[in-house]
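Asks: There's a structure below that I have some questions on.
The values are calculated or read from the model by the stated rules, or taken from the named source; none is laboratory data. In this text, all values refer to a predicted model and were calculated from it rather than measured experimentally. Heads up, the Cβs are rebuilt from the backbone with ideal geometry, glycines too, and the neighbour counts pull from every protein chain shown. Heavy atoms of the whole protein, side chains included, go into the accessibility calculation; ligands, DNA and RNA do not. Shrake-Rupley method; radii C 1.70, N 1.55, O 1.52, S 1.80 Å.
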Amino acid sequence: DVKVTQSSRYLVKRTGEKVFLECVQDMDHENMFWYRQDPGLGLRLIYFSYDVKMKEKGDIPEGYSVSREKKERFSLILESASTNQTSMYLCASSFAGGNNEQYFGPGTRLTVT
Amino acid sequence: SQKIEQNSEALNIQEGKTATLTCNYTNYSPAYLQWYRQDPGRGPVFLLLIRENEKEKRKERLKVTFDTTLKQSLFHITASQPADSATYLCAHDSNYQLIWGAGTKLIIKP
């Protein structure tokens, strides 16, 4: 079974802190994605990566950066957390040669106070 | 811009009946559509994919149709059960990404 894990299920940080969210997949997928999900707004793509060290901006990249140094790991970084970044963060991965069927992690609920 | 729409209102269905959810897309002709299930506080889980040249796809009690003329996909759950209660998301491909609908919350009442 494909497994996507995220470093934390719940996280509470203070405004201005640097926040790291880690995602690891074990299926050798080329593509990895970071989304945030807020009530009424659905899934919004922050960044994605189709290969090691490659990254592409999604719909809402402002205030975020990413790192993909190894194929299995994709990190989301909030350089200076703000209260409007309080959200559910979801990581996903998919196989490049397939139909982009995405496998999601359990999510990290981040609260910035 | 590419857009995919799902009914934002919750759908209440009596147990045992067929639940039908709708997904409409505009400004694009996707090669396929995907359907996912999402439970509260969890990530979406892939259910079914239907290609543009397939009229219908089935998996156990699930059935998906794809009408390229109407630019619509319908997702059916037959003999619905309370355990089917969840939010159902549709998505279509766009380069490396998926374009997501906002999801429809399905509530199956015993």
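Asks: May I ask you to list pairs of residues, at least six apart or on different chains, whose Cβ atoms are under 6 Å apart, with the first in region A:57-82 being in contact (Cβ under 8 Å) with a residue 60 or more places away in the chain and more than 14 Å from every other protein chain (Cβ to nearest Cβ) and the second being open to solvent by less than 20 Å² (accessible area, probe 1.4 Å) and aliphatic (A, V, I, L, M)?
Replies: Cβ pairs passing all conditions: A:Leu78/A:Val19; A:Ala81/A:Val19; A:Ala81/A:Val112.
Asks: A follow-up question, please. Please find, among B:Leu33, B:Leu74, the residue that is open to solvent by 30 Å² or more (accessible area, probe 1.4 Å), without any contact (Cβ under 8 Å) to a residue 60 or more places away in the chain and aliphatic (A, V, I, L, M). Spell out how you get there, then give the answer.
Replies: Numbers: B:Leu33 fails: open to solvent by 30 Å² or more (accessible area, probe 1.4 Å).
One residue alone meets the criteria, B:Leu74.
Asks: Do you know which residues across region B:24-45 are of a type in the set (A, V, I, L, M, F, W, C) and more than 23 Å from A:Gly107 (Cα to Cα)? Don't jump to the end; show me each part of the working.
Replies: Restricting attention to region B:24-45, the residues satisfying the condition of being of a type in the set (A, V, I, L, M, F, W, C) are B:31, B:33, B:35, B:45.
Once the filter is applied, which keeps residues that are of a type in the set (A, V, I, L, M, F, W, C) and more than 23 Å from A:Gly107 (Cα to Cα), region B:24-45 yields B:Ala31, B:Leu33.
Asks: Filter region A:11-50 for residues that are at positive phi and within 13 Å of another protein chain (Cβ to nearest Cβ) and give the result.
Replies: Initial filter on region A:11-50 (at positive phi): A:16, A:28, A:40, A:42.
Within region A:11-50, A:Gly40, A:Gly42 qualify.
Asks: A further question on this structure: Of all residues in region B:1-30 being over 16 Å from the mean Cα position of the chain (by Cα) and open to solvent by less than 70 Å² (accessible area, probe 1.4 Å), which is nearest to the other protein chains (Cβ to nearest Cβ)? Talk me through it step by step, then tell me what you get.
Replies: From region B:1-30, those over 16 Å from the mean Cα position of the chain (by Cα) are B:1-2, B:14-17, B:27-29; that's our starting set.
Right, trim to open to solvent by less than 70 Å² (accessible area, probe 1.4 Å) and you get B:2, B:16, B:28.
On the way: B:Gln2: 11, B:Gly16: 30, B:Tyr28: 15 Å.
Checked region B:1-30; the qualifying residue nearest to the other protein chains (Cβ to nearest Cβ) is B:Gln2.
Asks: Let me ask something additional. For region A:13-59, name all the residues that are under 27 Å from B:Lys105 (Cβ atoms) and surrounded by fewer than 17 Cβ atoms within 10 Å (Cβ to Cβ).
Replies: Of region A:13-59, the ones under 27 Å from B:Lys105 (Cβ atoms) are A:21, A:23, A:33-46, A:48, A:58-59.
Within region A:13-59, A:Asp38, A:Pro39, A:Gly40, A:Leu41, A:Arg44, A:Asp59 qualify.
Asks: If we only count strands (runs of 3 or more DSSP E) wholly inside region B:1-105, which ones have 1 or more residues that are at pLDDT 95 or above?
Replies: Numbers: elements: B:3-6, B:11-14, B:19-26, B:32-38, B:45-51, B:56-59, B:62-67, B:72-77, B:86-94, B:97-100.
Those strands (runs of 3 or more DSSP E) span B:11-14, B:19-26, B:32-38, B:45-51, B:56-59, B:62-67, B:72-77, B:86-94.
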